[in-house]
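Written out below as structure tokens is the structure these notes cover.
What follows is calculated from the coordinates using simple rules that are stated; it is not laboratory data. The model shown is predicted, which means the values in this text are computed figures rather than measured ones. Cβ sites come from the backbone with ideal geometry, for glycine too, and all protein chains shown count toward neighbours.
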Amino acid sequence: MAKVRTVLGDIDANDLGFTYSHEHLWANPPASQSDRDLELTNYEASVSELWRFKRAGGQTLVDATTLDYGREAQQLVRMAQETGVHVVATTGFNKHIYFPRWVQSLTIEEISQKLVRDVTIGMDGTTAKAGFLKAGSWDQLIHPLEEKATRAMARAQLETGAPVWLHTEAGTMGEEMLDLLEEEGVDVTKVAVGHSDRNADPYYHLQLAKRGAYVQFDGTSKIKYYPDSVRVSLIKNMIENGYVEQLLISADMGRQKYLHAYGGGPGFEYILKKFVPRLLSEGISEDHIQTIFVKNPARWLGQF
């Protein structure tokens, strides 16, 4: 039976249940990020939002906060213990503007071994292990340090077998990031390409899917980019072309202004209470909902 590595230990993939595949419970970007709305460091607010997710029907939440973005494993452990929600954490990197200096100083192999330890021993001085690996790229380019970190992540993947998630700035460079991983020998069927809906190009999404990768739409509710009607059409494009089993959907509510418990909205309840009912009303079947939010996350994360 495939296992998913949560912060409280490995569980059967079939026990994941309804899953948000890219969110943030705890984040503290470095000082280089002047926009502190991205800082989620109020434990009571974050755990309250997680409770709202659970009461709405959520069972597993994937936290994509990386070691260069203020990850604190002990906080994720506390929240998982308090709520009973399965929390899956990551190790790896966001994008070069957040990298610690040691990314430049260390070799690819040294960086890779740090990531391997996070997956196999524990993160941030705890015994909580990372359940997936992450790397990122910039808008319309891959910075040299991002290439270095991505190759390190790829080698950690080969050693651990862990699934992979890719940050793509504004939904660009997904194919180029997959190229890098393939050069390193990574099986791209274990890879999810995040932020793909930021680039609302149906052709682009199909190109990623044809290579075997998971395509993640994680901007649900963010009408500052475009209305959810566009996302619905992008979802239908994937389904109609036979790629529903490679589609992941979340909302990436990594800002205070997105979360009720921090004084914002629409909060973690949005997908369960509003977006899923809309998908059903627009002709997407309950079977497809189960595939996207239950079966696909379990297959992607169940690599242990």
Distance from segment 241-276 to segment 1-80 (C-alpha centre basis), Å:
13 Å
As straight-line cross-link partners of residue 295, the qualifying aspartates and glutamates (C-alpha separation under 13 Å, not fewer than 8 residues apart within one chain) are 12, 15, 245, 286, 287
Nothing charged except the Cβ atoms of Lys and Arg (+1) and of Asp and Glu (-1): what's the magnitude of the dipole of the chain about its Cα centre? Round to the nearest 20 debye.
560 debye
Residue list for segment 278-302, given a label point 7 angstrom along the Cα-to-Cβ vector of residue 14 and an amide N cut-off under 19 Å
290-302
Value of relative contact order over segment 3-301, rounded to a whole percent, pairs C-alpha under 8 Å and six or more apart
20 percent
Starting from the Cα of residue 44, step 7 Å along the direction of its Cβ; do the same at residue 2; then give the gap between the two resulting points in nm.
4.0 nm
With an 8 Å Cα cut-off and a minimum separation of 6 or more residues, compute the relative contact order for segment 46-103 in percent.
42 percent
Residue by residue through segment 171-180, the couplings from Karplus 6.51 cos²θ - 1.76 cosθ + 1.60 with θ = phi - 60°, in Hz, x for Gly and Pro, are x, 9, 6, x, 5, 5, 5, 4, 4, 4
